[in-house]
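What follows is a set of notes on a single structure, which appears directly below.
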Amino acid sequence: MIIVRAERLLALGAAAAGLVAWLVYLEAGLVLSHYDAKAHLVVARRVIDNITPGWQQLGAVWLPLPHLIHVLPTQVDALYRTGAFASLVSIACLGVTTFAASRLVLLMTGSRLGATVAAVLLALNPNLLYLHTTPMTEPLFLATTSLAVLWLYEWVPANEPRVPWRLGWTLFAAMWTRYDAWPVVAAAIAATVFASRRLGASRTLALRRAVSLAAWPAAAVVVFIINSRVTVGQWFVTGGFFVHEPMYLRRPLQDLAAIGWGAWQLSTLTTVVIGGLAAVVLAVRGWLQREHAALLVPVALFAAAAVPFYGFFEGHPFRVRYMIPVAAACALYAGAAVGIVRQQAVYVLAGLLIGITLIQSPPWRQDAPMLVEAQWDLPASGARRAVTSCLADAYRGEKILASMGSLAHYMQELSHEGFRLADFIHEGNGVIWDLALQTGPAPHAGWMLVEEQAEGGDLLALRIRGDAAFTNGMNRVCEGGGVALYKRP
């Protein structure tokens, strides 16, 4: 009972820190500064606010759960324009992640001090703290995978084939949140089955447990790829949404170095090294000592690194936030390190971890890598105000042709001027969009917005470059922030 109370107090403290951070970043205008934060709100809102509304609007590039959660709240203009409801969900996720991490440390080491250190390193990390004030999908990913790993760890010694409903649905939810969860869930299930065998489960029972566990994530993947096939005509979308970066393309050692460097930037070198060493020590103990086999399960959290590694290997540009799961796992295991050192050194190590974190990367740090990355679009956003003014002053209800794949964040910005998503023709409108691409915008829309710079330009920019006649019947009237506005006379 005392242990549960400690976990809940740590979770409440983390959520309180997240709430304070949200108020600070909201006042500074940074909650929605990341273009993806706005785009996630747009994907949720467009399910209803659309000239072709329906569940198909959830799309097939991003996984659907975060957007399903926000479908109804984003129909409220105030919540859509500020992202307030989505931010509160993210703050709650920080509490859940802290609860799961602290309980895992307690179960693995029996150390309350270690659990507290893990919670502090999670809740006071400026990168994690900022991310948990935004509508991004990483907070829900961390919460679902942490809970799934915790409940798998607790389920290992049960030696029963039945999967608890809460565990099954958490596995399903994780698979529908971010692709990073797919290798985490796969590795955690494999570790769970292995640990079950080591703890005495028969081969038949271990097989039944594996099948029962795998059924939940498998169902999530099957439903998702069917939805992908129906909505975009592909079973699985793997490319076409980024420009290749030669620095990382087909360079595995450099890709691994990028992951390590990113985790370091999002945390501290001390936390990464100590957390990594603790993970190795506990994993070896789980491998060698039969009674501690369950210690292999939490190591699965590091499997999230497989997705950025594959992305970099395929030439995806570096984004520091892709290493957020690794930084969070290091924080958890840094707390576990406090729990496994000798009694004389435990307070020294705890003080070292927290002290270095507060000195090198305090929660009020303004140049935290995640904050810096989130503000990349701010200069362009300011420059786009000229386009916004040009459009808003002369707008009389005509449809606007624009690529949501490139300008979803700008569509969200335009909501402050009263524009609805139903005012736009975009990729989610299927045949209407395809026809506009074939014939040009003039027969279908009174306006056209074109992203000409980011990622080499959007589909409309490429269409214009390939065929100058595409804009016949439209006049270019203004530009700013890489966006050009065309108007039908």
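Values quoted throughout were computed directly from the atomic coordinates according to the rules given, and no laboratory measurement underlies them. Remember, it's a predicted structure, so these values are computed and weren't measured experimentally. Here the Cβ positions follow ideal geometry from the backbone for every residue, glycine too, while neighbour counts run over all protein chains shown.
Under a Cβ-Cβ limit of 4.7 Å, which cysteines in the chain have nobody to pair with?
Cys with no partner Cβ under 4.7 Å: Cys93, Cys330.
Could you tell me which of Ile432, Gly83, His132 has its Cα farthest along the dipole of the chain towards the positive end, charges placed at Cβ (Lys, Arg +1; Asp, Glu -1), taken about the Cα centre?
It is His132, whose Cα lies furthest towards the positive end.
Provide the FRET efficiency to the nearest 0.05 for the Ala394-Val237 pair, computing r from the beta carbons and using R0 = 30 Å. Mind dumping the intermediate values first?
Details: r = 36 Å, r/R0 = 1.21.
Efficiency at R0 = 30 Å is approximately 0.25.
Which percent, to the nearest 5, of DSSP beta bridges fully inside the chain are antiparallel? Show your work: numbers first, answer last.
On the way: 10 of 14 bridges.
Of all bridge pairs located within the chain, approximately 70 percent are antiparallel.
In percent, how large is the relative contact order of segment 78-231, given Cα pairs closer than 8 Å and 6 or more residues apart? It would help to have the intermediate numbers written out before the result.
On the way: 161 pairs, mean separation 33.1, N = 154.
Reported relative contact order: 21 percent.
For the Cα atoms of the chain, what angle does the longest principal axis make with the long axis of helix 112-123, in degrees from 0 to 90, nearest 10?
That helix lies at roughly 10 degrees to the long axis.
Taking the Cα centre of segment 328-435 as the origin, how large is its charge dipole in debye, to the nearest 20, when only Lys and Arg (+1) and Asp and Glu (-1) carry charge on their Cβ atoms?
Details: 7 positive and 10 negative charges, 93 e Å.
In debye, rounded to 20, segment 328-435 gives about 440.
Want the number for Met247 to Ile359: 0.36 nm per residue separation, take away the alpha-carbon distance, what's left? Show your work: numbers first, answer last.
Values: separation 112, 0.36 × 112 = 40.32 nm, distance 3.24 nm.
Result: 37.1 nm gained on full extension.
Ala78 versus Ser202, label points 7 Å from Cα toward the beta carbon: distance in nm?
6.2
Please list 193-203, 44-54, 386-396 highest first by mean number of surrounding beta-carbon atoms within 10 Å per residue. Let's see the in-between values first.
On the way: 193-203: 17.6, 44-54: 20.0, 386-396: 14.7.
Averaged packing, sorted descending, gives the order 44-54, 193-203, 386-396.
Would you mind classifying segment 378-487 by shape? Square roots of the alpha carbon gyration tensor eigenvalues, ordered a ≥ b ≥ c; an a/c under 1.5 is rounded, otherwise it is prolate if a/b is larger than b/c and oblate if not.
Details: a/c = 1.42, a/b = 1.23, b/c = 1.16.
Verdict is rounded for segment 378-487.
Can you give the extra length, in nm with one decimal, that the chain gains between Gln453 and Leu256 once fully stretched, where that is 0.36 nm per residue apart less the Cα-Cα distance?
Working: separation 197, 0.36 × 197 = 70.92 nm, distance 2.96 nm.
Taking 0.36 nm per residue and subtracting the Cα distance, the gain is 68.0 nm.
Using a 7 Å offset from Cα along Cα-Cβ at Val211, what residues in segment 148-181 end up with backbone N under 20 Å from the label point?
Counting only backbone N, you get 156, 158-165, 168-169, 172.
Relative contact order, percent, of segment 378-487 when contacts are C-alpha pairs under 8 Å separated by at least 6 residues?
Numbers: 159 pairs, mean separation 38.4, N = 110.
The value is 35 percent.
Which value in deg cm²/dmol, rounded to the nearest 500, describes the helix-derived mean residue ellipticity at 222 nm for the chain, given -39,500 (n - 2.57) per DSSP H run of n ≥ 4 and division by the residue count? Before the final figure, lay out each step's value.
Values: 22 runs with 298 residues, N = 489.
Mean residue ellipticity at 222 nm (helix-derived): -19500 deg cm²/dmol.
Per-residue HN-Hα couplings for segment 367-377, Karplus 6.51 cos²θ - 1.76 cosθ + 1.60 at θ = phi - 60°, whole Hz, x for Gly and Pro?
Values, residue by residue: 9, 4, x, 5, 5, 5, 5, 5, 9, 4, 8 Hz.
For the chain, calculate the relative contact order in percent as a whole number, restricting contacts to Cα pairs under 8 Å that are 6 or more residues apart.
On the way: 829 pairs, mean separation 91.1, N = 489.
Across the chain, relative contact order equals 19 percent.
What does the C-alpha gyration tensor say about the overall shape of segment 43-152? Classify as rounded when a/c is under 1.5, otherwise prolate if a/b is larger than b/c, or oblate.
Working: a/c = 3.73, a/b = 2.21, b/c = 1.69.
It comes out prolate by the Cα gyration axes.
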